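These notes concern the structure reproduced below.
Throughout, read-outs are computed from the coordinates displayed, never taken from laboratory work. As the structure is a prediction and not an experimental result, all values here were calculated from the model. Cβ sites come from the backbone with ideal geometry, for glycine too, and all protein chains shown count toward neighbours.
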Amino acid sequence: MISKIYVFKYLKAENTENKVFCRQQEQAKTYAQSLKTLLNLALVSVLFVLISLTHFSNYAKAAESANLLARKGNTALKRKDNEQAIQYFSEALFAGSLEIYTKASVLNDRGLAYSRLKKFHLALKDFNRAIEAFPEYAKAYNNRGLLLHQLGHDEEAIKDFNRAIALHPSMGVSYHNRANAFLKAGAEKPAFSDFGKAATLLADKSPAHLARGQIHWKHLRHYAALRELNLSLEKNKNQGLAYFNRGQVYHSLGNRVRAIQDIAKASSLDSTDLVYKKQLAIIYLENRQLPNASKLFSQIIDEEPLNIEIMILRGRINGELGRYQKALEDLDQAVSLSASASAYAERALVQAKNRQAEFAIADISESIQKAPKTGRSWAVLGDAARLSDKLIDAERYYLEALKRDKMQPKALAGLKQLGFGLDEEEIESVASIGTDVNGWSIQEPEKGRFIAINPLYKKYKIKLDLYGPEKPKILEWTILKGNYKGYGLLRYDAGSKDPKTPIEHVAILNLRKQRVETIEPYRWGAKIAKWTWNQNDVVIKDPDGIQNKVTLRIPVRRAPPRVARQQDDGWNSGFWNAGPKKRVSKKKRRRKVRRKKKKSLFGGIFGF
């Protein structure tokens, strides 16, 4: 019994010990698993950190490499190596790791390089991608608009320029590009306004002033065109087109000397432009500098052997120089190539001068059949008929010339030789309009062209700049006094349609030299220009904020007042030396003693 109980207790104790051991074993296993899990997590964390560091390092290297490639692309783009720039930009985009703005900038620059190479489809694709990457990127809108403008899609281009200006209102190039798009689309007024805005924003203002000057010249606003072209050349002295346009304006104003200077300068800047040479040769011809004109016409014919107009002009010069054979060679070729009325008329005149009356009369009849003709052509026919003793026909031809051009000089001279008393005053008096204001009146020698005259100043025939649809009106005449003595101001209405919004301009007249210095704006509706009178000039700021300085007198250079010299050794003088200055010793100058001459008997009487 004892043994059974003992055995039972023993077994129970052993069973209890086994349970405790199993429980301990299970806990050990749990601890081991937890430790293993922790070790795995630590290992994973270390691996993750290492991978992250590696990835970050690679990302940083890639970003650095992409940015370096983008900078190299910009450098190549600046030196206009477009192929190399495209390669760098493409590698930068392929490397990735670019920020959004940088990526948009790279795409925009690559599109610019593509557009320079005339790969317009690829350029447009890159501009679109740049805008998708960064929709607030004004440069991409501007460049895409410029590309669309070049491709003829002006309406879409204007939308892009509008967006660029809305995002970046101070970007002057967008105003300039939008102005060109407006101009091409036929919207001249907003184009002119945009060019003015661009002139106030851009560092290089010369293209904007040149464009405004061309618009003024198109509408025969001579002095406004001069103002803008002068401002353009003031900013950039190497613009052949600006010199050429200014020369044309001077030529229209009758200043042939300045016209020759400007157009010759334009031709020297671009010697390959035959238009410059042609206009210069025509002015030489009108100024009776025939050898210079003939030389330029020959150069043009060497470049364009079939230029009929130049053949006729060179034939005219040779005829006036008495080189009838050379003249007939040019005119015969012009007739064979074109059979134009002007070619027949000029050949008729040369034949009449060469005493070939029968041939001249035949060419006159051929020329009449080739109508219509200009005033010049009819005047040439009148000269040919007069030299061929066909005086009645000559009179008729001269009158036909005056019907087309009231101021045709050859026709007037021919009628005068025939004994007719027509002169310029009789012809101009027919076109007088308006009322006199202090002796000033306005005349219309040609439709849409107005001049102001005054019998007290017979040399003045002021071609008025017109800005509105109505005819101009003289408003006020002021003769200046004091420092501006010798100058007068003629204020006139420049054709404003509504009296509530007047367009007023002022002509500054030099009364001593009998010339017009300029015509400047005074009032545009409610806006008044600011006139600042200085000692030798006047500065005018128009209502758009564009400033022009008109020099009235050349400043007199006077010697500066003499100031006593002070010794300055560069060390003992200055604000740091407050002590008294040492007195500088001056060398004494020896005075020459003039010996008095003994007066003679006559010298004592007459004082010598």
Quick one: give the max-minus-min coordinate of the C-alpha atoms of the stretch 182-250 along each principal axis, largest first, in Å. 28, 27, 18
Stretch ALA371-ARG79 to full length: gain in nm at 0.36 nm per residue minus the Cα-Cα span? 99.5 nm
Signed unit charges on C-beta, dipole axis of the stretch 432-551, positive-most listed residue PRO543, GLY468, GLN514: GLN514
So, how do all the Cα-to-Cα distances of the stretch 260-337 break down into 5 Å bins, in percent, from 0 on up? 3, 18, 28, 24, 16, 8, 3, 0
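Which pairs in the list LYS189/LYS541; LYS373/LYS461; LYS205/LYS237 are over 18 Å apart, alpha-carbon to alpha-carbon? Don't jump to the answer; show the numbers that get you there.
On the way: LYS189/LYS541 20 Å; LYS373/LYS461 28 Å; LYS205/LYS237 12 Å.
Flagged as over cut-off: LYS189/LYS541; LYS373/LYS461.
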What ranking do LEU456, LEU210 get, fewest neighbouring Cβ atoms within 10 angstrom at the top? LEU456, LEU210
I need LYS118, LYS197, LYS416 ordered by Cβ neighbour count within 10 Å, fewest first. LYS118, LYS416, LYS197
The equivalent-ellipsoid semi-axes of the stretch 181-295, taken as the square roots of five times the Cα gyration tensor eigenvalues and listed largest first in whole Å, are 28, 14, 12
Could you please tell me the mean projected area of the C-alpha convex hull for the stretch 432-551, averaged over all directions and given in square nanometres to one decimal? 7.5 nm²
Kirkwood-based Rg/Rh on the Cα set of the stretch 123-210 evaluates to 0.97
Counting only residues 5 or more places away or on other chains, whose amide H sits under 5 Å from the amide H of PHE450 once H atoms are built in the peptide plane? LEU464
I need the peptides 148-159, 374-385, 477-488 ranked by packing, meaning the mean over residues of other C-beta atoms within 10 angstrom, with the highest value on top. 374-385, 148-159, 477-488
Can you tell me the order of 518-525, 507-514 when each peptide is scored by its average per-residue count of other Cβ atoms within 10 angstrom, highest first? 518-525, 507-514
Please give the length that would be gained between GLN261 and ARG355 if that part of the chain were fully extended, namely 0.36 nm times their separation in residues minus their C-alpha to C-alpha distance (nm, one decimal). 30.0 nm
So the FRET efficiency between ILE100 and GLN150, C-beta based with R0 = 35 Å and rounded to 0.05, is 0.80
In percent, how large is the relative contact order of the stretch 432-551, given Cα pairs closer than 8 Å and 6 or more residues apart? 14 percent
Pairs of alpha-carbon atoms within less than 8 angstrom and 6+ residues apart define the contacts here; what relative contact order does the stretch 249-364 have, in percent? 14 percent
